[in-house]
Amino acid sequence: MLETKIASVKMKNPLMLASGILGLTKESLEKFKDAGAVVTKSIGKKERKGYKNPVFYELSCGILNAIGLANPGIDEYIKEIKGARINLIGSIFGKNEEEFLYVAEKFKPYVKAFELNMSCPHAKKLGMEYSTRKIRETVELIKQVGKPVFVKLGVENILRRAEKAIEGGADGIVAINSIKAMAICIDVAKPVLGNKIGGYSGEAIKPIGIRCVYEIAANFDIPVIGVGGITNEKDVIEYMMAGAHAVQIGTAIYYEGEGIFKKIAKKLKRWLEENGYNSIKDIIGLALKN
Ligand SMILES: Cc1cc2nc3c(=O)[nH]c(=O)nc-3n(C[C@H](O)[C@H](O)[C@H](O)COP(=O)(O)O)c2cc1C
């Protein structure tokens with residue numbers, strides 16, 4: 001009932017771990033065996049230390065983070081994930097197509113698909129400012145590595161960027177990343193984050209994610225993976241009715257732990273049964289038709 005498939009990636013349910021959440025070690029990734037698929041932390045060609053502390057700040061209505069794409073670099077990372085017994089998707093960032101390609105080729109034996117992170121809100125040209133012009137050729141190049149390619153986009157200019165990814169042959173669009181944002185500590189009159197600007201995630205961004213998924217699904221014929229503010233099965237249903245084929249969960253894991261996948265899958269199945277649906281696929285895009 002919950003099984004689904006995006007490109008050649010088969011999933012026992014449509015719930016995926018979002019990139020950047022406990023995705024740096026094999027042990028932490030393997031905790032998410034109840035998820036349909038698990039996305040790694042975004043990995044680059046070389047090690048990056050990330051930004052200075054604080055990199056994480058909790059607000060009453062979500063989380064601000066500016067980790068700064070800290071990661072050990074792909075050569076170290078593959079030693080870490082070798083042998084992981086999960087449906088793994090490799091998230092990649094880079095400053096140009098050569099860097100994306102380097103990481104994709106190293107990732108290839110260990111992952112079922114690539115997710116190209118072209119939307120980190122606090123990493124400039126390594127993220128949301130990755131040139132729209134370069135998206136098409138980057139996707140075309142990574143497609144040649146021989147695995148499905150998903151492209152992760154943020155709110156800015158999303159339809160134009162999705163169009164370029166699709167022209168390059170993307171197999172799916174992941175929407176959205178955290179949203180560029182900031183908070184000030186009024187006691188010291190300074191931004192709370194070490195990097196000043198960060199990404200905002202959690203429940204409050206869900207309506208923005210829903211809007212992006214809906215617009216992509218309404219304009220293009222490509223599977224969309226919805227992400228942003230999902231905390232329960234009703235959020236999943238909402239994203240899927242807006243046109244998502246699968247969803248990812250990030251911030252909610254800080255509050256509920258890895259058990260959230262089992263819990264949501266169970267409630268999702270019950271909701272489908274109670275509402276007379278035979279398969280999760282039956283609800284995809286329903287709100288687009290109405
Ligand atoms: C601490 C933290 C680190 C993140 N790191 C990454 C990352 O490395 N790559 C990426 O594509 N997204 C990253 N994200 C964004 C999430 O994958 C997701 O798109 C975003 O948080 C919205 O979903 P949520 O509201 O369920 O958290 C990160 C989010 C958080 C909170």
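Taken together, the values in this text are just the output of simple stated rules run on the coordinates, not laboratory data. Please read these numbers as outputs of a predicted model, since none were measured by experiment. Neighbour counts are summed over all protein chains in view; Cβ atoms, including those assigned to glycine, are modelled from backbone coordinates with ideal geometry.
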(request) Could you please rank Asp34, Asp282, Asp171, Asp221, placing first whichever residue has the fewest other Cβ atoms within 10 Å of its Cβ? (result) Asp221, Asp282, Asp34, Asp171
(message) Projecting each Cα onto the charge dipole of the chain (Lys/Arg +1, Asp/Glu -1 at the beta carbon, about the Cα centre), which of Phe56, Ser279, Ala183 comes out farthest on the positive side?
(response) Phe56
(request) Once you have the Kirkwood Rh of the chain from its Cα pairs, apply Stokes-Einstein at 4 °C and 1.567 mPa s and quote D in µm²/s. (result) 69
(request) Return the whole-Å distance between the Cα centroid of region 241-265 and the Cα centroid of region 8-72. (result) 13
(request) Can you check what the net charge comes to around Pro207, using other residues whose Cβ is under 13 Å from the Cβ of Pro207 (Lys, Arg +1; Asp, Glu -1)? (result) -2
(request) Could you give the size of the charge dipole of region 4-289 about its Cα centre, using +1 on the Cβ of each K and R and -1 on the Cβ of each D and E, expressed in debye and rounded to the nearest 20? (result) 400
(message) If you take every DSSP beta bridge fully contained in the chain, what fraction is antiparallel? Give it as a percent rounded to 5.
(response) 35
(message) If you take every DSSP beta bridge fully contained in region 1-127, what fraction is antiparallel? Give it as a percent rounded to 5.
(response) 45
(request) Taking DSSP loops as anything outside H, G, I, E and B, show the longest stretch in the chain free of GluC sites (Glu not before Pro) there with at most 15 other beta carbons within 10 Å. (result) 130-290
(request) For region 1-96, just say rounded, prolate or oblate: build the C-alpha gyration tensor, square-root its eigenvalues into a ≥ b ≥ c, call rounded for a/c under 1.5, and beyond that prolate if a/b exceeds b/c, oblate if not. (result) oblate
(message) Neighbour counts of other C-beta atoms within 10 Å: give me Met182, Met241, Met16 arranged from fewest to most.
(response) Met182, Met241, Met16
(request) Under a cut-off of 24 Å between alpha-carbon atoms, report the lysines in cross-link reach of Lys267, not counting same-chain residues fewer than 8 places apart. (result) Lys5, Lys10, Lys12, Lys31, Lys33, Lys206, Lys234, Lys281
(request) Determine one quarter of the surface area of the Cα convex hull of region 216-260, which equals its mean projected area, and express it in nm² to one decimal. (result) 3.1
(request) Could you list, in their original order, any pairs among Lys52/Lys262; Lys108/Lys190; Lys106/Lys164 whose Cα atoms are separated by more than 32 Å? (result) Lys52/Lys262; Lys108/Lys190
(message) Taking 8 Å as the Cα distance limit and 6 or more residues as the minimum spacing, I'd like the relative contact order of region 4-289 as a percentage.
(response) 18
(request) Give the range of the longest stretch in the chain that excludes all trypsin sites (Lys or Arg not before Pro) found in loop regions by DSSP and having at most 11 other beta-carbon atoms within 10 Å. (result) 86-290
